[in-house]
Structure formats: C-alpha cells, structure tokens
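A.B. asks: Handing you this structure, nothing more for now.
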C-alpha cells in the first residue's frame, strides 16, 4: 500500500493533472469529458473508483496536482468510500490539493446528517467543498469550470498564487456553536 | 346467453387498443370482408361493441367464437398478464412422441372427466406452442368465460406457463396436463413474470451465458470507446473483472425481463432463556422483494458498479442460473423444509 505523494515527481510543462475519485464512476466521466477541452493548459484526467491506485501504473503516472473526491449524497456508500480513500493520501496533499465535490445535495430525501458529516470532514481537513448539479449538461460544465480554476492554481499555472494560499480562502469552515451564538448576538 | 355474449365482447374490446382492433378482427376471420369494412373504428368503443354484436348476430356467431377472438388477442399480446411457470417431472417413455392432435384430445378428455362444467379451447401457435384457454365452471354453474385461465405449453419441453389460475383449479389442471403429456407429476417452478417470452427464455436458458475463464473476454467494449488520451482510467482492470464476474452471474447481452425477485426467510428463535418464543410453532417470516422493470439487468448493473459486493452471492445469481425468482430460505438442519 503506497501513499500518493504530491511532490514526488517533476511537473510537466504547462500541464495540469487531476485525479477524480468517485465510487459510482458516473459523474467523473462526464466531468472529465468537459475538463479536457480546456485550452489554456493541458489537462490530464485520471479516473479512479477509490484509492489506493494500482502499483502497476506507478511509473507512468504523472504528478497529480489535485485530487477531487466526488460524493453522491444519495448513497451512504459513496461517503464511506471517500473517507476510506483519504487514508491513502500523503499529508502534503491537504495543503490545498484536495477538494470535495458533492452531488445531489438539493434532493429532499438526503438525510441532513450526511450533509453535516461531509461538511465536518471537509472542514477538518481544511479542504474546499463544492456543490455540483450532475443531471444537466449546464451543471456539469459549471462544475468542471470551478474545478479548473482550482486545478490551475494547484498545478502552479497561475502566477503570484499558490494552492495553499487559495485554500486558505476557499476551505470549508463550520463555525462552532459558541461563535454562532456570538454572531447572532452581534446581529 | 346474449347478455354473456355482450359482456364478453365488451370486455375484450375495452382491453384492446383501437389500432389493434382492425388487425385482430381480420385475423379472427369470422366476419366477411364486407362486414369488416362496414365497421367504423373512429367511433367510441361502446358504439363499436354494439355494431360488432349486431354483426355477430347476423353471422350467427356465439360465445364460442367470441372467446376465439379473445384468444387471438392474448396470443399476440401475452405480456399484459402475470405468468407462472410450472415444471413437469419424470417423463414417461413416450413423452417425447406426443404430438398436437393427440395432446389436444387427451387433454380435453382428461379434464372433462375431472370436472363437468368446463370450456376448453386449444390452439396451436406458429412457434410450436400450444395455447389452451380454460373457462372453469362449478358443480352447479356454467363455465365462467370472464375469468379464463390461459396455459401455454411447448410440446416436448417439461415447462408449462399458466396465468390466472386459482388454487382450487390447480390440481385439476395439473392432473390433466400430466396425463396428456405423459409425465408423472407437476411442480411449481417458482418463477413468474409479466413477459412470457422472458420467463420462457430464462427457464430454457435461452440467453447469452458467460462462463468463467481466466482470460478476460472483450466484454468491456464500453470502456475502450473513450479513447481520449487525456483521460485515463486507473482501475480499468478491476472494473473489467467486476464486469466479467457480473456477467458470469447473470448472463451477458440483453437479459430476460423479470419484474420481481422475492425471498422469504423462515426461521425460529433459538434462545434458551426465552422458552415461550423458542417453542412457538410458527416460524418467523421475513419477506424481501426486489422490484424493477428488469430485475436481472439492475442486479447486474449494481454488481458491475460495485454497489453489490463481488463475487455475487448465490442468492442473487441463482435467479438466472436456476431460473426462479421466488425463494424460500429455511433454517439448516434436518427436516424436509430445506429448499435452497
């Protein structure tokens, strides 16, 4: 079992590599199809169901700049699988090179606790949490664009900023109860 | 008698879509061409029924002929009913030499011997299947044509497909069928579905089956289609294996359409401290039903995507491998009840 490390390989010129991890293997394909159309950088997409990745392709695999965990809120399994996969990432990734993408959040039959669990997970790991619509083509394009913004920063293709800096601004936070009460009081 | 004729015709016309009416009537061929052409298919169905009834009176057609019309319609559209499969056991020596006329005769004779008030109609369909329509009567009442039982049997096969059969008439039918086909008994095959051809294909194993092999067959063509060099699947091999396992369990290609899979668990409480519950006569029952428009396809898909764990449990895979969708699971151990 090997950890996936963010800086173990040299980067390619003007290239960004993203790893999409989704248990259902459904939305990732749609996202990938849109993301590779990006013109400003060469986007390489790798798809996986869960981590760890097979050792066989270790040599040929480029440096992964961003790991995206796609969680379908409709299924408990999707969340558990993402949680289990997190263990196979080197700590260095959590400095701005991991993000969570949640689908089906608008569905009424989603239990509120699951949403809460994802939120807690993302905030504990200091990762951004994105919401996406996976049913419509517009939603997919939108989600892909948002990922590309993060990806370009994470791959170092945007001057004057770094992934760590960006993640400080975009990471998911949940205010503790005490803070919430304070802000209510202020208002 | 006229009232019965009217009600029967009304019911047939009501269930049939208007587009089907014309072709079915011409297939029926009881009305001559002028009569068929005089029918106006654009008018409401109740007017059409009246017109048809008048024409039947003109040509002297009775209940018998109208049931024929129903039969033609059912043969062409068998998928609106729930079909149960039965299996004939222990073939006699001459079971393979039964032919249609002989079968017809024997079946009629045996069934009328068992019950006096019964109306039987037998028709041989083009695909070697024998269709039997039975209207059951009581000891004192005439055959009820409004609730007929349909039986489909392919000669020289041990399977019978039945729809609309009550437990009261079941032994009669089973006895007559067993005698006519020269088998010694008939049992429930625990398979039912709305699609007759699917039920038949599943029992006779007429769907693409995949056998275990160490070398992956090029089943996963779907994955090779996206040949975009910028997208790479890291776990292609795993998904390929899952696909192979799923196809081994449920079969490849398009699968027969089944609507339900029902599992009934019967068990007894085993607890030394709780005597009352342990000594209870009746077992505890738990029924799990899977429903889908195509249950086999759904199960295969969930095994393929990893929602159901692989290797697939024999509980699920025996739907296609044993050809049944009702399962009774009982406690292991001595006893005649154990079935799975």
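A.B. asks: Could you work out the equivalent-ellipsoid semi-axes for the protein assembly as shown, taking the square root of 5 times each eigenvalue of the Cα gyration tensor, largest first, in whole Å? Before the final figure, lay out each step's value.
C.D. replies: Numbers: eigenvalues 772, 171, 119 Å².
They are 62, 29, 24 Å, listed from largest to smallest.
A.B. asks: A follow-up question, please. Counting other C-beta atoms within 10 Å, which of B:330, B:101, B:181, B:313 has the fewest, and how do the rest follow? Write down the numbers at each step before the final one.
C.D. replies: Values: B:330 17, B:101 9, B:181 22, B:313 12.
Least crowded to most crowded, the residues run B:101, B:313, B:330, B:181.
A.B. asks: While we're looking at this one, here's another question. Mind checking B:231-244 for the average number of partner chain beta-carbons within 10 Å of each residue's beta-carbon?
C.D. replies: Details: counts 12, 12, 9, 15, 10, 3, 3, 4, 3, 0, 0, 1, 0, 0.
Mean partner-chain Cβ count within 10 Å for B:231-244: 5.
A.B. asks: Once fully extended, how much extra length lies between residue B:18 and residue B:281, figured as 0.36 nm per residue of separation less the alpha-carbon to alpha-carbon distance? Walk me through the intermediate numbers first.
C.D. replies: On the way: separation 263, 0.36 × 263 = 94.68 nm, distance 5.50 nm.
Using 0.36 nm per residue and subtracting the Cα-Cα distance, I get 89.2 nm.
A.B. asks: Measuring from label point to label point, each 7 Å out along Cα→Cβ, what is the residue A:124 to residue B:274 span in nm?
C.D. replies: The answer from the label model is 3.6 nm.
A.B. asks: What is the helix-to-structure angle for B:63-76, meaning the angle in degrees between its Cα long axis and the longest Cα principal axis of chain B, kept from 0 to 90 and rounded to the nearest 10?
C.D. replies: Orientation of helix B:63-76: about 30 degrees from the principal axis.
A.B. asks: Calculate the length of the line joining the C-alpha centroid of the stretch A:80-111 to that of the stretch A:134-149, in whole Å.
C.D. replies: 17 Å
A.B. asks: Cα-based Rg of chain A per 2.2 N^0.38 Å, rounded to two decimals?
C.D. replies: Here the answer is 1.04, to two decimals.
A.B. asks: Kindly provide the Kirkwood hydrodynamic radius of the stretch B:207-330 in Å, to one decimal, from all pairs of distinct alpha carbon atoms. Mind showing how you got there, number by number?
C.D. replies: Values: mean 1/r = 0.0590 Å⁻¹.
Computed over the stretch B:207-330, the radius equals 17.0 Å.
A.B. asks: How many Cβ atoms of partner chains, on average, are near each residue of A:55-67 if near means within 10 Å of its Cβ? Intermediate results must be reported in sequence, preceding the final value.
C.D. replies: Values: counts 0, 2, 5, 0, 0, 1, 2, 1, 0, 0, 0, 0, 0.
Neighbouring Cβ atoms belonging to other protein chains average 1 per residue here.
A.B. asks: Want the number for residue B:58 to residue B:211: 0.36 nm per residue separation, take away the alpha-carbon distance, what's left?
C.D. replies: On the way: separation 153, 0.36 × 153 = 55.08 nm, distance 6.12 nm.
So the extension gain works out to 49.0 nm.
A.B. asks: Please report, largest first and rounded to whole Å, the three semi-axes of the ellipsoid equivalent to the stretch B:1-112, where each semi-axis is the square root of five times an eigenvalue of the C-alpha gyration tensor. Before the final figure, lay out each step's value.
C.D. replies: Working: eigenvalues 232, 54, 36 Å².
The equivalent ellipsoid of the stretch B:1-112 has semi-axes of 34, 16, 13 Å.
A.B. asks: Sticking with this one: Pairs of Cα atoms under 8 Å, at least six residues apart: use those to get the relative contact order of the stretch B:2-76, whole percent. Working shown, then result.
C.D. replies: Numbers: 44 pairs, mean separation 34.9, N = 75.
Here the relative contact order equals 47 percent.
A.B. asks: Restricting to bridges with both residues inside the protein assembly as shown, how much of the DSSP beta-bridge set is antiparallel, in percent to the nearest 5?
C.D. replies: Antiparallel bridges make up about 55 percent of those DSSP assigns within the protein assembly as shown.
A.B. asks: Can you give me the distance in nm between label points at residue B:185 and residue B:93, each placed 7 Å from the Cα along the Cα-to-Cβ direction?
C.D. replies: It works out to 2.3 nm between the two label points.
A.B. asks: Further question on the same structure: Just rank B:139, B:194, B:280, A:46, fewest to most, by other beta-carbon atoms within 10 angstrom.
C.D. replies: On the way: B:139 7, B:194 18, B:280 12, A:46 23.
Ranked by crowding around the Cβ, least crowded first: B:139, B:280, B:194, A:46.
A.B. asks: Using only Cα atoms and rounding to the nearest 10 degrees, what angle (0 to 90) does helix B:295-304 make with the longest principal axis of chain B?
C.D. replies: 20 degrees
A.B. asks: Among A:127, A:172, B:286, A:157, which comes first, second and so on when ranked by fewest other beta-carbon atoms within 10 Å? Let's see the in-between values first.
C.D. replies: Working: A:127 24, A:172 20, B:286 11, A:157 16.
Arranged by neighbour count, lowest to highest, A:127, A:172, B:286, A:157 become B:286, A:157, A:172, A:127.
A.B. asks: Another one. In whole percent, what relative contact order does the stretch B:207-330 give with Cα contacts below 8 Å and a gap of six or more residues? Show your work: numbers first, answer last.
C.D. replies: Working: 163 pairs, mean separation 39.9, N = 124.
About 32 percent, as a whole number.
A.B. asks: Which whole number gives the average, over all residues in A:42-53, of C-beta atoms from other chains lying within 10 Å of the residue C-beta?
C.D. replies: Values: counts 1, 2, 4, 5, 6, 8, 5, 8, 4, 2, 1, 2.
Taking all residues of A:42-53 together, the mean is 4.
A.B. asks: Still on this structure, I have one more. Given the Cα-Cα distance of residue B:80 and residue B:36 and 0.36 nm per residue of separation, how much length would full extension add, in nm?
C.D. replies: 13.2 nm
A.B. asks: Compute the distance from the alpha-carbon center of the stretch B:76-95 to that of the stretch B:135-175, in whole Å.
C.D. replies: 12 Å
A.B. asks: Run the helix sum for the protein assembly as shown: -39,500 (n - 2.57) per DSSP H stretch of 4+ residues, divided by residue count, reported at 222 nm to the nearest 500 deg cm²/dmol.
C.D. replies: Working: 19 runs with 207 residues, N = 527.
Theoretical 222 nm ellipticity from helices: -12000 deg cm²/dmol.
A.B. asks: Additional query: Checking the a/c ratio against 1.5 first, then a/b against b/c, what shape does the Cα gyration tensor give for the stretch A:1-110? Display every interim value, and only then the final one.
C.D. replies: Numbers: a/c = 2.03, a/b = 1.36, b/c = 1.49.
Note, shape of the stretch A:1-110 comes out oblate.
A.B. asks: Here is a follow-up. List the relative contact order of the stretch A:14-104 as a percent without decimals, with contacts defined as Cα pairs under 8 Å and 6+ residues apart.
C.D. replies: Values: 140 pairs, mean separation 32.0, N = 91.
Once normalised by length, the contact order is 35 percent.
Readers should treat all values here as calculations from the given coordinates under stated rules, not as data from a laboratory. Just so it is clear, the model here is predicted, and its values are computed rather than measured. As a convention, Cβ positions derive from the backbone with ideal geometry for all residues, glycine included, and neighbour counts pool all protein chains shown.
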